Amino acid sequence: MNLEEYFQRIGFHGSYDKVDLATLKLIHRLHVMSIPFENLSIHCGERIVVDLEVIFNKLVRSSRGGWCLENNFLFGWVLRQMGFNTTTLGSRVFNSILNDFGATEDHLINMVLVDGKAYIADVSFGVSSQIWEPLELISRKDQPQAAGVFRLIDKGDMWVLEKTGRRPEVFNASFTKSSLVSRKEIKQIYCFTLAPREVQHFFERNDILQTDPTSLFTNKSICSLQTPTGFKALVGWTYSEVTYKPEEGVDVLDMRDIPDDEIEQVLREHFNVKLQDKLKPVNKKADYTL
């Protein structure tokens, strides 16, 4: 494992020894534009392992993406290798069906200190909730990004990440009532504390999330990649290209269903994902929107 391979994977050509905010923002953005958020291993009969060498081989050398326990674990290692002061944190994702945050920490994020200020770095949430650059850890400050306006709110016993988005405009009329289309203007994403976590803290959840029949990730096959104008996503058989149009106050969703025999081609052409094992797409009912 080495930084040169990782930087080649994300297309970073800057200085390796600049431990500043500009560099942090740049590699964060390049990561989310290059390495997908995806859980396809589950639906290819592969086991997801939270082991740095395994993750490096998968995400950097084998043209794959991963979920947060892979992407953000790898990104934290990269930051530490570069010399950034980085702390692993755990967060609980909001469930709109329960109207509450999950009971357990199953989303790994990183806190980075730069010039005396703290930032939340998260390169692996995907779709329209994905931040492109780290967020300053300051309460109730509007932090506009391409996807909308993000805010971190200090609730005393925890911090909450929320986003104010835009109205969805669905290009294909047959998808206007799709459960994948989010219609909430203000969306709570997750909550977290500043208690440091070791990677072992997530081992049990890593196993449960890929085996529990009630888990989002066993009920949906997901692949998402950010683009300069929005993002692409393949959820089950539904392929979406989303274009952010902040000047018009809308997000334009171009959605269509993909036949089984074209799935692997879509993954290669639109996500640069090359699978070794056969994917069985899944899109059962679960709390998930673009």
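The values are calculated or read from the model by the stated rules, or taken from the named source; none is laboratory data. Note that the coordinates shown come from a computational prediction; the quantities given were computed from them, not determined experimentally. For neighbour counting, all protein chains shown are included, and Cβ atoms are generated from backbone atoms with ideal geometry for every residue, glycine included. Please note that ligands, DNA and RNA were not included when accessible areas were found on the heavy atoms of the full protein model with its side chains. Shrake-Rupley method; radii C 1.70, N 1.55, O 1.52, S 1.80 Å.
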- In nanometres, the difference between 0.36 nm per residue of separation and the alpha-carbon distance of Val49 and Lys18 is 8.1 nm
- Task: Compute the relative contact order of the chain as a whole-number percentage, counting only Cα pairs closer than 8 Å that sit 6 or more residues apart in sequence.
- Result: 20 percent
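Probe radius 1.4 Å, ligands and nucleic acids left out: which of Asp106, Asp115 has the largest accessible area, and how do the rest follow?
Asp115, Asp106
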- Environment charge of Ser124, counting only residues whose C-beta is closer than 11 Å and scoring Lys/Arg +1, Asp/Glu -1: -3
- Selected from Leu225, Pro246, Tyr6, residue furthest toward positive end of dipole (the chain; charges at beta carbon): Pro246
- Message: Under 11 Å from a point placed 7 Å out from the Cα of Thr87 along the Cα-to-Cβ direction: which residues of the range 179-200 have their backbone N that close?
- Response: 193-197
- Query: At what distance in nm do the modelled label points of Met1 and Lys278 sit from each other, each positioned 7 Å from its Cα along Cα→Cβ?
  - Reply: 3.3 nm
- Item | Kyte-Doolittle mean at least 0.5, axial Cα span of 15 Å or more - DSSP H helices of the chain | 21-34
- For Ala173 and Leu98, what is the calculated FRET efficiency with R₀ set at 35 Å and r taken between the beta-carbons, to the nearest 0.05? 0.65
- Query: So how much accessible area does Lys155 have, in Å² to the nearest 10, using a 1.4 Å probe?
  - Reply: 110 Å²
- Query: Can you tell which of Gly102, Leu26, Phe37 lies farthest toward the positive end of the dipole of the range 1-151, using +1 and -1 charges on the Cβ of basic and acidic side chains (Lys, Arg; Asp, Glu)?
  - Reply: Leu26
- May I have the extent of the alpha carbons of the range 85-195 along their three principal axes, as whole Å values ordered from largest to smallest? 49, 29, 22
- On alpha-carbon atoms, Rg over Rh for the range 17-79 using Kirkwood Rh? 1.01
- Given +1 on the Cβ of Lys and Arg, -1 on the Cβ of Asp and Glu, and no further charges, what dipole in debye does the chain carry about its Cα centre, rounded to the nearest 20? 400 debye
- Query: Between their Cα atoms, which of Lys163/Lys245; Lys58/Lys274; Lys141/Lys245 are more than 18 Å away from each other?
  - Reply: Lys141/Lys245
- Item | Relative frequency of Cα-Cα separations exceeding 16 Å in the range 115-155, percent | 34 percent
- Message: Please list 3J(HN,Hα) in residue order for the range 188-197, calculated via the Karplus relation 6.51 cos²θ - 1.76 cosθ + 1.60 where θ = phi - 60°; whole Hz, with x for glycine and proline.
- Response: 7, 9, 7, 10, 7, 10, 9, 6, x, 10
- Note on the chain: C-alpha Rg/Rh, Kirkwood Rh, two decimals, gives 0.93
- Given a cut-off of 23 Å, what percent of all Cα-Cα pairs of the range 150-290 lie beyond it? 48 percent
- Is any residue of the range 102-136 close enough, with backbone N under 20 Å, to a label point placed 7 angstrom from the Cα of Glu204 along the Cα-Cβ axis, and if so, which? 102-109
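Defining a contact as two alpha carbons under 8 Å apart and six or more residues distant in sequence, what relative contact order in percent does the range 62-174 show?
16 percent
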